[in-house]
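The values are calculated or read from the model by the stated rules, or taken from the named source; none is laboratory data. All values derive from a computational prediction rather than experimental measurement. Positions of Cβ are generated from backbone atoms using ideal geometry, with glycine treated the same way; all protein chains shown enter the neighbour counts.
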Amino acid sequence: MAETQKQTVTVGVTGASGAILAQKTLVLLEEDPRVARVHLVVSEAGQRLFAEEMGIPSGDLKQLPSRILGHPVAKIDVLPNKDVGASIASGSYAVDSMVVIPCSMGTLGAIAGGISDDLVARAADVMLKEGRKLVLCVRDTPFNRVHLENMLRAQQAGAGIMPTVPAFYHQPKTIDDLVTQYVCRVLAQIGLSQDKMYRWMGTPASKKAEA
Ligand SMILES: Cc1cc2nc3c(=O)[nH]c(=O)nc-3n(C[C@H](O)[C@H](O)[C@H](O)COP(=O)(O)O)c2cc1C
């Protein structure tokens, strides 16, 4: 596959529960031959969630991707969330798609309101204005009216809204089964369908007859 055909993906990680979803996303993108580069932006609260939920300390930001994956990385570079002048803050820089995983209600509100005062929100704003693929993996429960209205607003502006809701039809046995299926569905949304993804093929006729 020619280098030019490979994707550049931005991954935003914010301070909602579900750091393990961000970790799985980065693992799958790092090993995907269709991906050339991953720009990772982690909000301050996102770094806190990596520490709280996964025991991954903040420390030197440059080394964060290798701490998250547990080994050196080749494709993932990390950008400071305060750097609103980074490459991905401009529409002239070619990014194919962006996923915010998990996406806090705060960052959802910033994106829905067009408030680009950090790099996650600005990069997402750029994706929308350029008509590029943006997926927001929103997480909270229950949702209040502001959250729901912000989701609608972001969706109407072009974002895909994928609440971090696991599926059970593939009969998951482990947390990794739940996480992998969800993240595979997210990556399919940005044109990176994974072989690992379970695909529902309907209930076999024999089982229907038994029912
Ligand atoms: C342990 C922990 C869990 C949290 N879980 C959520 C959550 O699931 N959803 C959410 O919207 N905010 C959650 N928050 C609050 C956000 O981290 C907070 O609103 C933060 O300001 C979001 O900032 P960010 O969008 O820049 O990451 C959590 C905070 C902590 C410390």
Q: Tell me, yes or no, whether the stretch 150-169 has at least one residue that is more than 16 Å from the chain's Cα centre (by Cα), away from the ligand (no atom under 15 Å from the Cβ), over 30 Å from Ser92 (Cα atoms) and not hydroxyl-bearing (Ser, Thr, Tyr).
A: yes
Q) Which pairs do you get when a residue that is closer than 17 Å to Leu152 by Cβ, found in the stretch 107-119, comes within reach of a residue that is at pLDDT 95 or above and outside any helix (DSSP H, G or I), reach meaning Cβ atoms under 6 angstrom, with the pair 6+ apart or on two chains? A) Thr107/Thr14; Leu108/Val138
Q: Being within 17 Å of the chain's Cα centre (by Cα) and surrounded by fewer than 19 Cβ atoms within 10 Å (Cβ to Cβ) is the filter here, so list the residues in the stretch 55-74 that pass it.
A: Leu69
**Q.** Considering residues of the stretch 158-199 that are in a loop (DSSP other than H, G, I, E, B) and in contact with a strand residue (DSSP E or B) (Cβ under 9 Å, 6 or more places away or on another chain) only, the residue surrounded by the fewest Cβ atoms within 10 Å (Cβ to Cβ)
**A.** Gly191
**Q.** Among (1) within 11 Å of the ligand (Cβ to nearest atom); (2) loosely packed, with under 14 Cβ neighbours inside 10 Å; (3) among the small types (Gly, Ala, Ser) - the single one Ala121 does not satisfy
**A.** (2)
Q) So Asp125 clears everything in (1) in contact with a Cys (Cβ under 6 Å, 6 or more places away or on another chain); (2) assigned to a helix (DSSP H, G or I) except one condition, right? Which one? A) (1)
Q.
Out of everything in the stretch 13-28 that is within 8 Å of the ligand (Cβ to nearest atom) and surrounded by fewer than 24 Cβ atoms within 10 Å (Cβ to Cβ), what residue ends up being nearest to Gly191 (Cα to Cα)?
A. Gly18
Q: Just name the residue that is nearest to the ligand (Cβ to nearest atom) out of those in the stretch 35-79 that are among the charged types (D, E, K, R) and in a loop (DSSP other than H, G, I, E, B).
A: Asp60
**Q.** Output for the stretch 3-28, where each listed residue is basic (Lys, Arg) and closer than 13 Å to Cys137 by Cβ
**A.** Lys24
